[in-house]
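Undergrad: Have a look at the structure that comes next, please.
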Ligand SMILES: *Cc1c(COP(=O)(O)O)cnc(C)c1O
């Protein structure tokens, strides 16, 4: 696509954008003086769809008028509420419905998945993560190692090469080739939170499986952003939160994926509660535990309906629009963002996210020379919300659902004035 560095071009793109109307279906935050923010942090907390309130109110009203009977009599009976989310969530991550469930929060899900899929032996116990893994993921795997009697130094880091920022898949290949006999698990961020690099999940699965290592993916920065095709990729498990690109509200419940090949394996070790017990006999009480097949077989508790109502509001929108259309706009919009930043031609900033649209989602990570945090602060003062990540990166995500080409143009004009 041929881009132009002028406002008229940006406005024309918005006119031609078949998704531009979606912006009006979100609340866009304003500052104290009433000025609308240029919001580039949907990768941290997605904006609130205007419909969310109605969805939550529905459940509040049904709770008020029905009490416990709401489990059966609510407009959306609570008993099976999570099932309303499954098919739509599965479509977003490219999975079969049996492979997906919404439950708990992300780090909790990673732990529950490791209970089943991290089965270290004396010889084969190490865990591979990216050197720039999100801290929570690193702490989670370190604590799993320690829980099983190993050391937190038994983490192997997949690192960028000297002087580089991005990961090379060949380097993971080398790690697994050389040390695979000692590696039990690869737990990799599908889209790296820091650089925005979208890794080839299918390759990662093949590499891990070539030495009988289990492969798990953290999709916190992938779900609702890129199309991970989880089923097809062959990874064993995945988990992601819903408050980033999935616009489901702060701390909302997370997604979990277990590949179909494990769906019927009742021998996998796992923790149990009444919610992963057979639905048909769950309320008969005094039954021996009978685990459900598929991803539902990892649930423990009856889930918070109010959080799921917010997720339902968001997933209904995703379902209406479809990831194909969102992704198409996203590639154009982020491409435009990249083009404009490069047009600034400053040596003070450098995009470290991959140039190839297939290797990134909507986020661009801008490395700032001398780690000058002031730039981030000055952007805030000019109504641009971005996010500063130590040591030296400003992450910006033009989310296709509610960001316009004009927003992107304006944002970069402001950035240009500051560098
Ligand atoms: C956002 C994020 C988390 C957050 O974990 P929670 O359990 O939801 O608090 C974890 N891992 C990654 C990679 C993330 O991007």
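Here, each number is a calculation from the coordinates, and none is a lab measurement. Here the structure is a predicted model, which is why all the values come from computation and not from measurement. A quick note on method: Cβ atoms are made from the backbone with ideal geometry, for glycine too, and the neighbour counts reach across all protein chains shown.
Undergrad: Please give, to one decimal in nm, the separation of the simple spin-label points placed at residue 261 and residue 2, each 7 Å out from Cα toward the Cβ.
TA: Distance between the two pseudo-spin positions: 4.8 nm.
Undergrad: Where is the GNM fluctuation largest for the chain (alpha-carbon springs, 10 angstrom cutoff): 97, 346, 233?
TA: Result: 346 has the largest fluctuation of those listed.
Undergrad: A further question follows. Measuring from label point to label point, each 7 Å out along Cα→Cβ, what is the residue 359 to residue 64 span in nm?
TA: Calculated label separation equals 5.4 nm.
Undergrad: Quick one: length gained pulling residue 202 to residue 328 fully straight, 0.36 nm per residue minus the C-alpha distance?
TA: So the extension gain works out to 43.2 nm.
Undergrad: Once the piece of chain linking residue 72 and residue 414 is laid out straight, how much longer is it, given 0.36 nm per residue of separation minus the C-alpha distance between them?
TA: 117.8 nm
Undergrad: Taking Rh as the Kirkwood radius, which is the inverse of the mean 1/r over Cα pairs, what is the Rg/Rh value for region 57-319?
TA: 0.99
Undergrad: Given contacts defined as C-alpha pairs under 8 Å and at least six residues apart, what's the relative contact order of region 310-419, whole-number percent?
TA: This gives 29 percent for region 310-419.
Undergrad: Would you mind computing, in nm to one decimal, how far apart the modelled labels at residue 35 and residue 11 are, each placed 7 Å from Cα along Cα→Cβ?
TA: Simple spin-label model gives 2.1 nm for this pair.
Undergrad: Moving to a separate point now. Over the chain, with a Gaussian network built from C-alpha contacts below 10 Å, which listed residue (196, 216, 67) shows the highest mean-square fluctuation?
TA: 67
Undergrad: Continuing with this model, one more query. Under 10 Å, Cα contacts only: if you run a Gaussian network model on the chain, which one of 255, 222, 149 comes out with the highest mean-square fluctuation?
TA: Judging by the Gaussian network model, the answer is 149.
Undergrad: In deg cm²/dmol, rounded to 500, what helix-only [θ] at 222 nm does the chain give when every DSSP H run of at least 4 residues adds -39500 (n - 2.57) and the total is split over its residues? Could you put the intermediate results ahead of the total?
TA: Values: 13 runs with 151 residues, N = 419.
Only helices count here, giving -11000 deg cm²/dmol.
Undergrad: Order of 307-318, 198-209 by packing, highest average Cβ count within 10 Å first?
TA: 307-318, 198-209
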